[in-house]
1. Limited to the range 80-95, what total is found for residues that are open to solvent by 50 Å² or more (accessible area, probe 1.4 Å) and of a type in the set (A, V, I, L, M, F, W, C)?
2. Which numbered condition trips up Glu207, out of (1) of a type outside the set (Lys, Arg); (2) under 29 Å from Tyr25 (Cα atoms); (3) in a helix (DSSP H, G or I); (4) modelled with pLDDT of 90 or more?
3. Considering only the range 54-72, state which residues are assigned to a loop (DSSP other than H, G, I, E, B) and among the acidic types (Asp, Glu).
4. Across the range 75-94, what is the total count of residues that are in contact with a helix residue (DSSP H, G or I) (Cβ under 6 Å, 6 or more places away or on another chain) and either of a type in the set (Ser, Thr, Tyr) or on the phi > 0 side of the Ramachandran plot (or both)?
Amino acid sequence: IVTADTGFANEANMKYLHERQINGYVPDNKFRSRDPKFQNQKDKYGKRHQSQTSTGWKEIIPASEFQFDPVKLTCICPAGQSLKFDGTRADQNGQSRAYFQGRLLQCRHCPKKHLCMHNPDAANHRKGKGRQVSFTLEHKRLPNYTDWMKHRVDSSQGKEIYSHRMSVVEPVFGNIGTNKGLNRFSLRGKKKVQGQWQLYCLVHNIEKLANYGRMAA
């Protein structure tokens, strides 16, 4: 059984597992929101990473404030301007999305430019870009491999299997990364890095035998 965290959840990986009939469970980043057991988690424990420092990205007007028409494929920005349709294409999860982009002259002289763009100065350059937004085209989306994995992860068996990941995998990374201090490799090259990683894993396993070997015996 193969399990991985949400960072590996994309359509290409799901297709790989399905075509090779690998018994894998890779949840998407919204799998807990679909589970009733975690419905009140934020109220009880607070939001995750709430004490993290700022990433440097400012809050801007979200795409939900734009008026999107999925039938006519048009988009009106909060300033009342019609954005240029930039075509439809599949994202990394295989979902069809419609992309729009503001014209340079529209965004350059827009009074809401500093509230709408991460980098307002980009609209001042001839080769720059205006505000970009995209929307999922649900009515055009066909079932994909991500849907197949969602069904597996959301099943009772999938929840039971994936719950063991926290006790099997995460303590290893916690011990090696935090307790042993391996937050980055000090060598270069795949062969040297692999050797350094295996040495740390060897110490980790010896430590487990020394602390818990008698319990197993």
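The values are calculated or read from the model by the stated rules, or taken from the named source; none is laboratory data. These numbers come from a predicted model, not from an experiment. Positions of Cβ are generated from backbone atoms using ideal geometry, with glycine treated the same way; all protein chains shown enter the neighbour counts. The area values use the complete protein model at the heavy-atom level, side chains included, leaving out ligands, DNA and RNA. Shrake-Rupley method; radii C 1.70, N 1.55, O 1.52, S 1.80 Å.
1. From the range 80-95, those open to solvent by 50 Å² or more (accessible area, probe 1.4 Å) are 80-82, 84-86, 88-90, 92; that's our starting set.
Filter once more, keeping what is of a type in the set (A, V, I, L, M, F, W, C): 85, 90.
Residues meeting the conditions: 2.
2. Unmet condition: (2).
3. Within the range 54-72, just Glu59 meets the criteria.
4. So the count comes out to 1.
Conditions tested, residue by residue: (1) in contact (Cβ under 8 Å) with a residue 24 or more places away in the chain; (2) open to solvent by 70 Å² or more (accessible area, probe 1.4 Å).
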| site | (1), (2) |
| --- | --- |
| Pro143 | no, yes |
| Lys159 | yes, yes |
| Ile176 | yes, no |
| Lys180 | yes, no |
| Gly195 | no, no |
| Leu199 | no, yes |
